[in-house]
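The values are calculated or read from the model by the stated rules, or taken from the named source; none is laboratory data. Computed from a predicted model, the values in this text were never measured in an experiment. Positions of Cβ are backbone-derived with ideal geometry, glycine not excepted, and every protein chain shown enters the neighbour counts. Side chains are part of the model used for accessible areas, which takes the heavy atoms of the whole protein and leaves out ligands, DNA and RNA. Shrake-Rupley method; radii C 1.70, N 1.55, O 1.52, S 1.80 Å.
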Amino acid sequence: MLARGSESGPMTARRGVRSRAGRLAGLGAGGAVSLITLTGCDVGAAFGGFGWPEGITPEANRMYDLWIGSTIAALAVGFFTWGLIFWCIIRYRKRGDELPVQTRFNMPMEFLYTIAPILIVAVLFYYTAIVQTDVDKTSRNPDVTVEVVAFKWNWQFNYRDGIGPEANTTASVLGSDDIIPVLVLPSGRSIRFEETSKDVIHSFWVPELLFKRDAFPGNVRNVFEVSSINSEGAFVGRCAELCGTYHSMMNFELRVVSPERYDQYLAALQGGSTPQEALTAIGEEPFATTTVPFDTKRTTQNFGNDSASGAGS
């Protein structure tokens with residue numbers, strides 16, 4: 001009887017530890033579920049989008065939701081893991097010279113930490129594939145087609161009458177050292193971007209689109225579409241591929257206006273007006289408001305000078 005009693009004590013203690021561990025795991029799982037359910041709320045706005053700006057297209061909104069959901073899921077897993085680590089540190093801290101009970105294996109736990117990561121990766125992969133497919137979707141007849149031509153270190157935007165390299169350019173906007181090119185587009189219409197480069201690899205990027213795509217030299221023509229732009233206003237555009245000395249200053253501006261004003265702007269360009277005159281005609285600022293031209297410092301006095309103020313400095 002004494003021997004059986006002496007064995008029942010450690011067994012009861014182990015059952016108690018397992019019971020507490022089970023309750024802790026249940027609380028952690030419940031907390032994770034609660035955090036994940038918050039993705040239905042505007043959690044991103046409360047935490048500054050976890051580093052992402054809010055998008056201005058339906059495609060950008062889908063990518064934004066994927067980012068917020070993935071971040072919350074990662075935080076849930078992280079807090080649960082950190083909680084278990086600190087619980088083990090406190091619960092199993094050294095209390096003497098006697099070694100704690102040694103457990104060789106625990107099938108439920110091994111199953112959990114093997115299957116759970118696979119399930120998490122599978123779910124993230126599924127939603128990523130869905131959003132990626134949606135973002136890369138193109139149509140046969142977009143409302144607006146713009147050819148984006150990148151070169152060191154500026155942009156040319158050609159308004160086209162169709163898709164593909166065989167289409168004709170009906171109006172064009174060309175940037176220079178003195179003028180930032182303004183790409184005017186309508187809200188509420190589908191827009192196709194066809195990208196190419198005159199020299200090296202560049203990348204067309206408007207941060208509020210939450211999307212960027214490289215522009216390659218040669219016959220490669222990168223394409224993407226947005227089903228509509230939801231917000232009117234001015235948005236800075238950048239080159240997102242290291243292309244040379246003035247890469248960081250290779251900016252443009254996206255100006256989103258109503259469809260009616262866009263039609264007026266395009267008609268003014270086709271009628272021979274300059275981009276600045278066409279912008280003024282529809283009541284817009286004639287020059288970029290989100291960025292300014294950069295000074296190349298290449299003058300007749302310092303060109304070729306090896307000093308810090310010389311050419312290319």
Provide a single number: the residues in the stretch 49-64 that are modelled with pLDDT under 90 and either open to solvent by 30 Å² or more (accessible area, probe 1.4 Å) or of a type in the set (A, V, I, L, M) (or both). 5
Among (1) within 25 Å of R62 (Cβ to Cβ); (2) surrounded by fewer than 18 Cβ atoms within 10 Å (Cβ to Cβ); (3) not β-branched (V, I, T), the one test that L112 misses: (1)
Go through the stretch 172-181 residue by residue and tally those that are crowded, with 20+ Cβ neighbours inside 10 Å and either within 12 Å of L266 (Cβ to Cβ) or touching a Ser or Thr at 6+ places or on another chain (Cβ under 9 Å) (or both). 2
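Would you check if F252 is of a type in the set (F, W, Y) and over 18 Å from N61 (Cβ atoms)?
Against the criterion (of a type in the set (F, W, Y) and over 18 Å from N61 (Cβ atoms)), F252 qualifies.
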How many residues does the stretch 220-278 hold that are open to solvent by 20 Å² or more (accessible area, probe 1.4 Å), acidic (D, E) and either in contact with a helix residue (DSSP H, G or I) (Cβ under 6 Å, 6 or more places away or on another chain) or under 30 Å from T133 (Cα atoms) (or both)? 2
Out of all the residues in the stretch 257-268, is one or more touching a residue at least 60 places away in the same chain (Cβ under 8 Å), under 14 Å from W155 (Cβ atoms) and in a loop (DSSP other than H, G, I, E, B)? no
Just one of (1) part of a strand (DSSP E or B); (2) within 23 Å of the chain's Cα centre (by Cα) trips up T133, so point out which. (1)
Among the numbered conditions (1) in a helix (DSSP H, G or I); (2) more than 30 Å from T138 (Cα to Cα); (3) touching a residue at least 60 places away in the same chain (Cβ under 8 Å), tell me where A60 comes up short. (2)
In the stretch 65-87, what residues are more than 30 Å from the chain's Cα centre (by Cα) and open to solvent by less than 60 Å² (accessible area, probe 1.4 Å)? G83, L84
Test of understanding: among S203, S228, which residue is among the polar types (S, T, N, Q) and more than 15 Å from the chain's Cα centre (by Cα)? S228
Subset of the stretch 182-219 that is open to solvent by 40 Å² or more (accessible area, probe 1.4 Å) and assigned to a strand (DSSP E or B) - its residue that is nearest to M63 (Cα to Cα): K212
Do any residues in the stretch 73-95 that are over 26 Å from L124 (Cβ atoms) have Cβ atoms under 7 Å from those of residues that are open to solvent by 60 Å² or more (accessible area, probe 1.4 Å), where the two are at least six apart or on different chains, and which pairs are they? Y92/P100
Count of residues meeting criterion [open to solvent by less than 40 Å² (accessible area, probe 1.4 Å) and within 24 Å of L242 (Cα to Cα)] in the stretch 136-171: 9
